[in-house]
Amino acid sequence: MKIILIACLLGASFCTQAQSLHADLYAGAANYQGDLQGKKISFDNSGPALGLGLSYDITNKLIVRGAATYLKVKGSDNNSGSKGVPSRNLSFKTSVLEAQLALEYNLLDLSERSFTPYVFAGLAVFHFNPYAFDSSGSRVYLRSLGTEGQGLTAYPEKQLYKNNQLAIPFGGGLKLALSDNLQVEIEIGLRKLFTDYLDDVSGTYADSTLLANGRGTQAVAFAYRGSQIPGSPSYPGEGAIRGNPDKKDWYYVTGIRISYLLGSGAGNGRRGGGGKNKLGCPTRVY
């Protein structure tokens, strides 16, 4: 009798988890806002965004979700929409690897409806490494150059920025239940960053001679590329404004999330419902 009771408890636990755990697939477009992108929202420099994740129903309305995402962002002075900075002629690209954990809240109950708006917020860790291209088309990573004098003894207040950073992801979307197991969600997610160096541009210019002696001539060439444009001013003087450190960079992702319920359906494509699933477990009702 005890063995049967234990088996029933284990089975009930498995059924509950099977009805609550979802596998998620993300696909969309990534963009950035910063010193090389003057517009708050722009899709001119979109890059791909792909991700995989898991989500777990705490209740019909509250979900915890985790995801790993790969995306690419880019920007340039020539296509930034900003005024007064094209003479820098700067550009960058970077891949971003992100791990995210967040809480999601459905505004409507999917056990009663087949759709709902939702919002989410959480915490993320991401890795980035901005680069640009030289005249021969070779990729040059910018962080190690210290383009603003980072790491030089002449500028002790300027330190090399870290490739691994924290972010606060938040956003929302619309969730549609297509079947017992399948949901499609249209989502926009923003990332509030705590670094202004996603694009390698933030503060002021270093002295070109000090920068060349400390980091090499390539650092000077990528700190200011206006010399490649006929009629542009020469390399700015030490302390001249290169970026705005008071406004941190952002990146954001717009796309589709496909969520598949692991196990069996929960009744009419909703996270809830009644009856029994294919495993013979009662569907979860909150």
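The values are calculated or read from the model by the stated rules, or taken from the named source; none is laboratory data. Note that the structure is predicted; figures quoted are calculated from it, not measured. Note: ideal-geometry Cβ built from the backbone for every residue, glycine included; neighbour counts use all protein chains shown. These area figures cover heavy atoms from the full protein model, side chains too; ligands, DNA and RNA do not enter into them. Shrake-Rupley method; radii C 1.70, N 1.55, O 1.52, S 1.80 Å.
Details
- Within the option set 175, 162, 158, being within 24 Å of the chain's Cα centre (by Cα), part of a loop (DSSP other than H, G, I, E, B) and either loosely packed, with under 15 Cβ neighbours inside 10 Å or of a type outside the set (Gly, Ala, Ser) (or both) holds for one residue only, 162.
- Failed condition for residue 150, given (1) free of Cβ contacts under 8 Å to residues at least 12 places away in the same chain; (2) out of contact with any Leu (no Cβ under 9 Å at 6 or more places or on another chain): (2)
- Against the conditions (1) touching a Leu at 6+ places or on another chain (Cβ under 6 Å); (2) in a loop (DSSP other than H, G, I, E, B), residue 206 satisfies every one except (1).
- Filtered residue count, region 191-234, keeping only those that are open to solvent by less than 50 Å² (accessible area, probe 1.4 Å), among the polar types (S, T, N, Q) and within 24 Å of residue 94 (Cβ to Cβ): 3
- Among the numbered conditions (1) assigned to a loop (DSSP other than H, G, I, E, B); (2) open to solvent by less than 60 Å² (accessible area, probe 1.4 Å), the only one that residue 246 does not meet is (2).
- Of all residues in region 15-40 being modelled with pLDDT under 90 and charged (D, E, K, R), the one that is farthest from residue 60 (Cα to Cα): 39
- Within the set 110, 101, the sole residue that is modelled with pLDDT of 95 or more and either crowded, with 18+ Cβ neighbours inside 10 Å or touching a strand residue (DSSP E or B) at 6+ places or on another chain (Cβ under 8 Å) (or both) turns out to be 101.
- In region 126-143 there is at least one residue that is assigned to a helix (DSSP H, G or I) and open to solvent by less than 90 Å² (accessible area, probe 1.4 Å).
- Against the numbered list (1) without any contact (Cβ under 8 Å) to a residue 24 or more places away in the chain; (2) of a type in the set (Lys, Arg); (3) surrounded by 21 or more Cβ atoms within 10 Å (Cβ to Cβ), residue 74 comes up short only at (1).
- Test: residue in region 200-215 that is of a type in the set (D, E, K, R), out of contact with any strand residue (DSSP E or B) (no Cβ under 6 Å at 6 or more places or on another chain) and within 15 Å of residue 145 (Cα to Cα): yes
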